[in-house]
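J.: Here it is, the structure, as structure tokens.
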Amino acid sequence: MTEMLKLLEKDARYTPAELAAMLGKSEEAVRKDIAACEENNILLGYGAVIDWERTDEEMVTALIEVKIAPQRGDGYDRIAERIYQYEEVESVFLMSGAFDLTVILTERSLKEISTFVYAKLAPIEGVTGTATHFIMKKYKYNNRIFSPVIEQEERPLYI
Amino acid sequence: MMDYDSLLSRKVKSIAPSGIRRFFDLLEDRPDAISLGVGEPDFVTPWHIRDAGVYSLEKGFTKYTSNAGLLELRRQISNYLFRRFNLYYDPKKQMIVTVGGSEAIDLGVRALVDPGDEVIIPIPSFVCYGPIVTLAGGTPVYVETKAENEFRLTAEDLRAAITPRTKLLVLPFPNNPTGAIMEQKDIEAVAEVLRGTDIMVLSDEIYAELSYGDKHVSIASIPDMYERTILVNGFSKSYAMTGWRMGYVCGPAVIIKQMLKIHQYAIMSAPTTSQYAAIEAVRDGDRDIEMMKNDYNYRRRYILEELEKLGLHCFEAKGAFYVFPSIQSTGLTSEEFCERLIMEQNVAVIPGNAFGSCGEGFVRMCYATSLKELKEAFRRMKICIDSL
Ligand SMILES: Cc1ncc(COP(=O)(O)O)c(C=O)c1O
């Protein structure tokens, strides 16, 4: 099962038949495994990795460090939930170290990001501080490198 | 006018150009072609290995190394061979770092073969052995391996090929082009034939790490075989380092000493930058090997299944990154099949007879190609076969 998941993580478009062939299993068994993983929230979704820089879509991504005062009983989870419920929030992680949550957010402009931080994020009860960093350039994301690969020159080679 | 033809060495002229060549020539000017032809990893050398090469340049390590190669590299290779294959070779006396496995093969043959000596070469196999033997003045004696034996060398076929003039047996497993392996029992049967003779073995184990069933067994690890074995290995296939040109040869100290003379006069020393990268590879690259092997294994299973669907029969190849399916069901010869496939569908595979006449009726496909390309290649192959 982990083997199948690793393959899907690399390329979500492998069909059950292809996965079956690669893993030496039956297609039926692979379909069952996929269904079980989806059912159990192991397989949460299938996304594409896109270099928006190459399109005419305007986008800004920010990484926000958030400090919070954990609440009795709920710890960090309740505050994290209040943050991740916003659709524009891409990722939320609980961190060790100097701050508590990493929030990653994509908007159309710097202004919209600022608005999110001061109007939505900062006022949440328990949030004690934020530091916003804008992403200037993406080199690699989810194992995909954003610059085109330079191919080696064609070679007459006889092996 | 110079009469070059009469000037050229007759031995060199007698060597036929590689049979693979024509098909690569056809590939030119075909940008959309998918090649399952070239036998090399599609991976780029892992970064930490490349970085070690770069670092050595930054440090200014640009001089020759000792003839036999950096001692640290030989020590690491010795450790690696022990750790992976339970073989012990003295890094100071029993090992030379070479320019690819290719040079290692050349050294082994040249150090042993005199005119009149016979060298047994199982076929189908990598194309270099016969010509190198010919250049050394020896006589290649080809032994055909067969599909019904999964292209393994059998004791009977070997025994039948031995004459009083037999000097050397080339043992090319895991095999290019068939993907055949020799399991422990097969190797032991070959060893039994050799025991008590003074025939040497040149064991080309360049694909040793790419064995998908049981772990590869080196003939050098079989009792009485160590002292007659010249072991050839290298970095090209297992670490995706073909362009670095790094290989090595191990064997009895007395023989290595003679090989070192040839190496010293013909090559001087293997490339220095590559040697530094190779230290990193062999010391810290076991994980990379595992990762790439895993990936090849996915593709191997995929390609075997697709071949079955196409009705091209193939035994379960368990080594290297080749499959060698029979194309006899198409009614075409190997060359006709390959030519049609490339002209009509832009897919390159290599006719089996390029690796020895008994490869007729088969083709070699290399699956060190992304799954995406393999998929597309099989889509096109199906169109070609359906139109026959
Ligand atoms: C069986 C075998 N031996 C040796 C070599 C030579 O490899 P290198 O000189 O890159 O080590 C090859 C390359 O294709 C091969 O297939």
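J.: Go through region B:99-119 and give me each residue that's in a strand (DSSP E or B) and away from the ligand (no atom under 16 Å from the Cβ). Break it down stepwise before answering.
T.: Step one: filter region B:99-119 for residues in a strand (DSSP E or B), giving B:118-119.
The one that is in a strand (DSSP E or B) and away from the ligand (no atom under 16 Å from the Cβ): B:GLU118.
J.: In the set A:GLU39, A:GLU58, A:GLU28, A:GLU53, which member is at pLDDT below 90, away from every other protein chain (no Cβ under 14 Å) and more than 17 Å from the chain's Cα centre (by Cα)?
T.: Selected residue: A:GLU53, the only one of A:GLU39, A:GLU58, A:GLU28, A:GLU53 that is at pLDDT below 90, away from every other protein chain (no Cβ under 14 Å) and more than 17 Å from the chain's Cα centre (by Cα).
J.: Taking A:ARG72, is it among the basic types (Lys, Arg) and either under 30 Å from B:GLY37 (Cβ atoms) or open to solvent by less than 60 Å² (accessible area, probe 1.4 Å) (or both)?
T.: Values: among the basic types (Lys, Arg): yes; either under 30 Å from B:GLY37 (Cβ atoms) or open to solvent by less than 60 Å² (accessible area, probe 1.4 Å) (or both): no.
Spelling it out, it is not the case that A:ARG72 is among the basic types (Lys, Arg) and either under 30 Å from B:GLY37 (Cβ atoms) or open to solvent by less than 60 Å² (accessible area, probe 1.4 Å) (or both).
J.: Has region B:220-235 got at least one residue that is closer than 29 Å to B:CYS314 by Cβ, of a type in the set (Phe, Trp, Tyr) and within 16 Å of the ligand (Cβ to nearest atom)?
T.: The answer is yes; a qualifying residue exists.
J.: Continuing with the same structure: Please count how many residues of region B:270-327 are in contact with an Asp or Glu (Cβ under 7 Å, 6 or more places away or on another chain) and within 14 Å of another protein chain (Cβ to nearest Cβ). I'd like the intermediate steps shown before the answer.
T.: Here is the first cut: in region B:270-327, the residues in contact with an Asp or Glu (Cβ under 7 Å, 6 or more places away or on another chain) are B:279, B:289, B:293, B:302, B:304, B:315.
Retained after the next criterion (residues that are within 14 Å of another protein chain (Cβ to nearest Cβ)): B:293, B:302, B:304.
Looking only at that region, the number is 3.
J.: Just to be sure I understand, how many residues within region B:360-378 are charged (D, E, K, R) and either in contact with a helix residue (DSSP H, G or I) (Cβ under 9 Å, 6 or more places away or on another chain) or assigned to a loop (DSSP other than H, G, I, E, B) (or both)?
T.: Of region B:360-378, the ones charged (D, E, K, R) are B:360, B:364, B:372-373, B:375-376.
Those still in the list that are either in contact with a helix residue (DSSP H, G or I) (Cβ under 9 Å, 6 or more places away or on another chain) or assigned to a loop (DSSP other than H, G, I, E, B) (or both) too: B:360, B:364, B:375.
Residues flagged as charged (D, E, K, R) and either in contact with a helix residue (DSSP H, G or I) (Cβ under 9 Å, 6 or more places away or on another chain) or assigned to a loop (DSSP other than H, G, I, E, B) (or both) within region B:360-378 amount to 3.
J.: Just to check your reading of the model, which residue among B:TYR248, B:TYR239 is within 11 Å of the ligand (Cβ to nearest atom) and touching a strand residue (DSSP E or B) at 6+ places or on another chain (Cβ under 6 Å)? I'd like the intermediate steps shown before the answer.
T.: Working: B:TYR239 fails: touching a strand residue (DSSP E or B) at 6+ places or on another chain (Cβ under 6 Å).
Only one candidate qualifies: B:TYR248.
J.: Could you please tell me which pairs satisfy a Cβ distance under 6 Å, a separation of 6+ or placement on different chains, a first residue in region B:303-329 that is within 16 Å of B:PRO124 (Cβ to Cβ) and touching a residue at least 24 places away in the same chain (Cβ under 8 Å), and a second residue that is assigned to a strand (DSSP E or B) and of a type in the set (Phe, Trp, Tyr)?
T.: Partner pairs satisfying both residue conditions: B:PHE324/B:PHE362; B:SER326/B:PHE362.
J.: Further, regarding this structure: Does A:GLN152 qualify as being within 30 Å of B:SER18 (Cβ to Cβ) and out of contact with any Ser or Thr (no Cβ under 9 Å at 6 or more places or on another chain)?
T.: Values: within 30 Å of B:SER18 (Cβ to Cβ): yes; out of contact with any Ser or Thr (no Cβ under 9 Å at 6 or more places or on another chain): yes.
Criteria met by A:GLN152.
J.: Could you identify the single residue in A:ILE79, A:ILE124, A:ILE104 that is open to solvent by less than 40 Å² (accessible area, probe 1.4 Å), outside the structural domain of A:LEU8 (by TED's automatic domain parsing) and in a loop (DSSP other than H, G, I, E, B)? If you could, list the steps in order and put the result at the bottom.
T.: Values: A:ILE79 fails: in a loop (DSSP other than H, G, I, E, B); A:ILE104 fails: in a loop (DSSP other than H, G, I, E, B).
Matching residue, one of A:ILE79, A:ILE124, A:ILE104: A:ILE124.
J.: Give the residue that is surrounded by the fewest Cβ atoms within 10 Å (Cβ to Cβ), with candidates limited to residues of region B:17-40 that are assigned to a loop (DSSP other than H, G, I, E, B) and away from every other protein chain (no Cβ under 12 Å). Write out each step before concluding.
T.: Narrowing region B:17-40 to residues assigned to a loop (DSSP other than H, G, I, E, B): B:17-20, B:28-33, B:36-40.
Narrowing further to those that are away from every other protein chain (no Cβ under 12 Å): B:32, B:36.
Details: B:ASP32: 9, B:LEU36: 25.
Top of the filtered list is B:ASP32.
J.: Can you tell me which of (1) more than 16 Å from the ligand (Cβ to nearest atom); (2) over 21 Å from the mean Cα position of the chain (by Cα) is the one B:PHE85 doesn't meet?
T.: Every condition holds for B:PHE85 apart from (2).
J.: Still on this structure: If you scan region B:121-142, which residues turn out to be within 16 Å of the ligand (Cβ to nearest atom) and in contact with a strand residue (DSSP E or B) (Cβ under 6 Å, 6 or more places away or on another chain)?
T.: The first filter runs over region B:121-142 and keeps only residues within 16 Å of the ligand (Cβ to nearest atom), leaving B:121-133, B:140, B:142.
If the condition is that a residue be within 16 Å of the ligand (Cβ to nearest atom) and in contact with a strand residue (DSSP E or B) (Cβ under 6 Å, 6 or more places away or on another chain), then B:ILE121, B:PRO122, B:ILE123, B:TYR129, B:GLY130, B:VAL133, B:PRO140, B:TYR142 are the ones that fit.
J.: Considering only residues that are among the charged types (D, E, K, R) and touching a helix residue (DSSP H, G or I) at 6+ places or on another chain (Cβ under 9 Å), which ones fall in region B:76-128? Lay out the reasoning, then the answer.
T.: Initial filter on region B:76-128 (among the charged types (D, E, K, R)): B:83-84, B:90, B:92-93, B:103, B:106, B:110, B:114, B:117-118.
Matches in region B:76-128: B:ARG83, B:ARG84, B:ASP90, B:LYS92, B:LYS93, B:GLU103, B:ASP106, B:ARG110, B:ASP117, B:GLU118.
J.: Quick check, is B:SER370 touching a His at 6+ places or on another chain (Cβ under 6 Å), surrounded by fewer than 19 Cβ atoms within 10 Å (Cβ to Cβ) and among the small types (Gly, Ala, Ser)?
T.: Values: touching a His at 6+ places or on another chain (Cβ under 6 Å): no; surrounded by fewer than 19 Cβ atoms within 10 Å (Cβ to Cβ): yes; among the small types (Gly, Ala, Ser): yes.
The answer is no for B:SER370.
J.: Sticking with this structure for a sec: Got a sec? Which strands (runs of 3 or more DSSP E) wholly within region B:131-245 have at least 2 residues that are open to solvent by 20 Å² or more (accessible area, probe 1.4 Å) and touching a residue at least 12 places away in the same chain (Cβ under 8 Å)? Reasoning before the result, please.
T.: Values: elements: B:139-144, B:166-171, B:200-204, B:229-234.
Because the criterion is at least 2 residues that are open to solvent by 20 Å² or more (accessible area, probe 1.4 Å) and touching a residue at least 12 places away in the same chain (Cβ under 8 Å), the strands (runs of 3 or more DSSP E) in region B:131-245 that meet it are B:139-144.
J.: Please pick out the residue among B:ILE123, B:ILE96 that is farther than 23 Å from B:VAL254 by Cβ and open to solvent by less than 30 Å² (accessible area, probe 1.4 Å).
T.: Numbers: B:ILE96 fails: farther than 23 Å from B:VAL254 by Cβ.
Result of the check over B:ILE123, B:ILE96: B:ILE123.
J.: Which condition from (1) hydroxyl-bearing (Ser, Thr, Tyr); (2) more than 19 Å from B:ALA377 (Cα to Cα); (3) buried (at least 23 other Cβ atoms within 10 Å of the Cβ) is the one that B:THR333 breaks?
T.: In the conditions (1) hydroxyl-bearing (Ser, Thr, Tyr); (2) more than 19 Å from B:ALA377 (Cα to Cα); (3) buried (at least 23 other Cβ atoms within 10 Å of the Cβ), B:THR333 misses (3) alone.
J.: Condition check: assigned to a helix (DSSP H, G or I) and touching a residue at least 60 places away in the same chain (Cβ under 8 Å). Does A:GLU112 satisfy that? Walk me through how you get there before you give the answer.
T.: Values: assigned to a helix (DSSP H, G or I): yes; touching a residue at least 60 places away in the same chain (Cβ under 8 Å): no.
When the stated conditions are applied, A:GLU112 does not pass them.
For every residue, the table says whether it meets (1) part of a helix (DSSP H, G or I); (2) open to solvent by less than 60 Å² (accessible area, probe 1.4 Å).
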residue	(1), (2)
A:GLU3	yes, no
A:ALA12	no, yes
A:ALA21	yes, yes
A:LYS25	no, no
A:GLU28	yes, no
A:TYR46	no, no
A:GLU58	no, no
A:VAL66	no, yes
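The values are calculated or read from the model by the stated rules, or taken from the named source; none is laboratory data. Remember, predicted model here, so these are calculated numbers, not experimental data. Here the Cβ is made from the backbone with ideal geometry for all residues, glycine too, and neighbour counts use every protein chain on show. Just so you know, the surface numbers come from the protein's heavy atoms only, side chains and all, with ligands and any DNA or RNA stripped out. Shrake-Rupley method; radii C 1.70, N 1.55, O 1.52, S 1.80 Å.
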